[in-house]
Amino acid sequence: MRPLMQSYGFDPGFRIADRPGVGHDIVFYDQYDAHLDLGTGNNTAMLFITGCHLTPEATRRGTPSPRLVY
């Protein structure tokens, strides 16, 4: 899993829990603070959190774009 996550720009991950026979938890972060949490136990769980990444134009504008009129 680590090589795959690193190929998408995430860090090598850090282990929160390593309980052989019980469960494992690991978290990966990227440079924008997005993160992927993986956990195993009775079931496998995955949580992926990311943010809003504005285009340079939207950042310069600083407000929502005007509504399009058709």
### Query
For the residue pair residue 30 and residue 4, what label-to-label distance in nm results when each label sits 7 Å from Cα along the Cα-to-beta-carbon direction?
1.5
#### Entry: Ranked by how many other beta carbons lie within 10 Å on average, peptides 19-25, 48-54, 61-67 from highest
19-25, 48-54, 61-67
### Phi to ³J(HN,Hα) by Karplus 6.51 cos²θ - 1.76 cosθ + 1.60 over the stretch 35-49, Hz, x for Gly, Pro
8, 10, 10, 10, x, 10, x, 5, 9, 9, 10, 9, 10, 10, 10
### Query
Want the number for residue 57 to residue 19: 0.36 nm per residue separation, take away the alpha-carbon distance, what's left?
8.9 nm
### Query
How much net charge surrounds residue 14 when only other residues with a Cβ under 14 Å from its Cβ are counted (Lys, Arg +1; Asp, Glu -1)?
-3
### Query
Rounded to the nearest 500 deg cm²/dmol, what is the calculated helix-only ellipticity per residue at 222 nm for the chain, with -39500 (n - 2.57) per DSSP H run of length n ≥ 4?
-4000 deg cm²/dmol
### Query
Considering amide H positions built from the backbone, and no H for Pro or chain starts, which residues 5 or more places from residue 13, or on another chain, come under 5 Å of its amide H?
29
### Summary
Computed about the Cα centre, the charge dipole of the stretch 2-54 from +1 Lys/Arg and -1 Asp/Glu charges at the Cβ has a magnitude in debye, to the nearest 20, of 160
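Every read-out reported here was derived from the displayed coordinates using simple, explicitly stated rules and does not represent laboratory data. Keep in mind the model is a prediction, meaning the values are calculated, not measured. Backbone-built Cβ (ideal geometry, glycine too); neighbour counts: all protein chains shown.
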